[in-house]
Amino acid sequence: MNVVLFGPPGAGKGTQAKELAKHYQIPHISTGDILRANVRDGTELGKEAKGYMDKGELVPDEVLIGIIKNRLAESDCKPGYLLDGYPRTTPQADALSAILEEIGMPLEVVLNIDVADEELVTRLCGRYVCTCGESYHMKFNPPEKENVCDACGAELYQRDDDKEDVIRQRLDSYKEKTQPLINYYKEKGLLVDINGTGAIDRVFSDISNTLDQYK
Ligand code: AP5
Ligand code: MG
Ligand code: ZN
């Protein structure tokens with residue numbers, strides 16, 4: 001199953017992808033998570049990316065294209081992939097088509113998770129995350145024990161880019177550079193709209209009902 005999870009910051013891509021990856025046994029590939037791991041490890045890539053991420057701007061295309069090409073070449077992608085946060089620009093989408101053609105794993109569906117702007121800001125301001133990739137929300141999706149990850153027991157923290165001014169900039173970058181891909185994939189007949197508002201498990205059922213058609 002070859003899937004892109006598409007949507008603005010805070011739409012629930014990571015939240016849904018975690019569950020979908022378990023359910024369908026395909027890897028969750030989040031370019032945001034890959035970049036944050038590099039920032040944490042202090043790699044050259046992380047040093048370059050951090051400046052952009054802290055401002056809520058996109059990291060340059062050539063960097064992301066390299067990351068995704070290497071990641072898709074790994075053996076766990078044989079049964080398929082669930083991309084989260086990539087592509088975000090037209091050059092990234094064009095590069096993805098070329099990579100996927102080369103490895104013979106064409107994209108089957110792009111799920112466009114739709115949530116209103118004000119709700120996105122509320123979600124991101126209240127988000128707490130774990131280095132293991134889990135994310136929570138103080139109100140909408142709290143961990144069992146305050147500030148502790150249910151999955152791994154580590155302490156939760158807020159992402160550096162979940163500050164209101166950076167959130168606004170991320171939403172602007174999304175509108176300017178990423179949103180045009182909705183038409184790009186609509187024209188290719190790959191886009192399916194998902195209503196991302198409402199309970200997390202309700203959104204999950206909508207998505208899995210759609211994805212079951214591609215099994
Ligand atoms: P990235 O990590 O991808 O961030 P993002 O796109 O801004 O998306 P988020 O991770 O913030 O949102 P999400 O949709 O995953 O929401 P979540 O499930 O956590 O990218 C970060 C940065 O890296 C970028 O700004 C850029 O600099 C760089 N980057 C990454 N990829 C790049 C690329 N391809 N090109 C260039 N630069 C790139 O949910 C959010 C909150 O809402 C959580 O608290 C969650 O618990 C809660 N929630 C989820 N679902 C619901 C629900 N149904 N109801 C109520 N609350 C909910
Ligand atoms: Mg995410
Ligand atoms: Zn954890």
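The values are calculated or read from the model by the stated rules, or taken from the named source; none is laboratory data. Values in this document were obtained by computation on a predicted structure and should not be read as measured data. Here the Cβ positions follow ideal geometry from the backbone for every residue, glycine too, while neighbour counts run over all protein chains shown. Calculation scope for accessible area: heavy atoms of the full protein, side chains included, ligands and nucleic acids excluded. Shrake-Rupley method; radii C 1.70, N 1.55, O 1.52, S 1.80 Å.
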Of the residues in region 125-142, those that are open to solvent by less than 60 Å² (accessible area, probe 1.4 Å) and either more than 10 Å from ligand 1 (Cβ to nearest atom) or in contact (Cβ under 8 Å) with a residue 60 or more places away in the chain (or both) come to 127, 130, 132, 133, 134, 135, 141
Regarding residue 124, is this residue part of a helix (DSSP H, G or I), over 23 Å from residue 90 (Cβ atoms) and within 17 Å of the chain's Cα centre (by Cα)? yes
Kindly indicate the residue of region 116-155 that is under 17 Å from residue 17 (Cα atoms) and small (Gly, Ala, Ser) and also nearest to ligand 2 (Cβ to nearest atom) among those meeting that condition. 135
So, residue 50, is that one open to solvent by 10 Å² or more (accessible area, probe 1.4 Å), under 26 Å from residue 211 (Cα atoms), more than 14 Å from ligand 2 (Cβ to nearest atom) and in a helix (DSSP H, G or I) or not? no
Within region 71-90, track down each residue that is part of a helix (DSSP H, G or I) and open to solvent by less than 70 Å² (accessible area, probe 1.4 Å). 71, 72, 76, 77, 90
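Where residues in region 55-65 are within 14 Å of residue 169 (Cα to Cα) and away from ligand 2 (no atom under 16 Å from the Cβ), which of them is least open to solvent (accessible area, probe 1.4 Å)?
57
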Considering each residue of region 198-212, count those that are touching a strand residue (DSSP E or B) at 6+ places or on another chain (Cβ under 8 Å) and either part of a loop (DSSP other than H, G, I, E, B) or among the acidic types (Asp, Glu) (or both), and give that number. 1
Contacts under 9 angstrom Cβ, first residue in region 181-195 being farther than 13 Å from residue 5 by Cβ, partner part of a helix (DSSP H, G or I) and open to solvent by less than 40 Å² (accessible area, probe 1.4 Å), 6 or more apart: 184/93; 195/203
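Checking the conditions here, which among 113, 99, 68 is in contact with a Leu (Cβ under 8 Å, 6 or more places away or on another chain) and either open to solvent by 40 Å² or more (accessible area, probe 1.4 Å) or assigned to a strand (DSSP E or B) (or both)?
Details: 99 fails: either open to solvent by 40 Å² or more (accessible area, probe 1.4 Å) or assigned to a strand (DSSP E or B) (or both); 68 fails: either open to solvent by 40 Å² or more (accessible area, probe 1.4 Å) or assigned to a strand (DSSP E or B) (or both).
None of the others qualify; the one that does is 113.
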Checking the condition touching a strand residue (DSSP E or B) at 6+ places or on another chain (Cβ under 8 Å) and in contact (Cβ under 8 Å) with a residue 60 or more places away in the chain, which residue from 54, 84 passes? 84
Which members of region 180-191 meet the condition of being within 12 Å of ligand 1 (Cβ to nearest atom) and either outside any helix (DSSP H, G or I) or open to solvent by 40 Å² or more (accessible area, probe 1.4 Å) (or both)? none
Lone unmet requirement of (1) over 15 Å from residue 8 (Cα atoms); (2) in a helix (DSSP H, G or I) for residue 177: (1)
Quickly run through region 2-39 and pick out the residues that are open to solvent by less than 30 Å² (accessible area, probe 1.4 Å), more than 16 Å from ligand 3 (Cβ to nearest atom) and of a type in the set (A, V, I, L, M). 3, 4, 5, 11, 20, 26, 29, 35
Looking at this structure, is residue 10 more than 14 Å from the chain's Cα centre (by Cα) and either assigned to a helix (DSSP H, G or I) or within 8 Å of ligand 1 (Cβ to nearest atom) (or both)? no
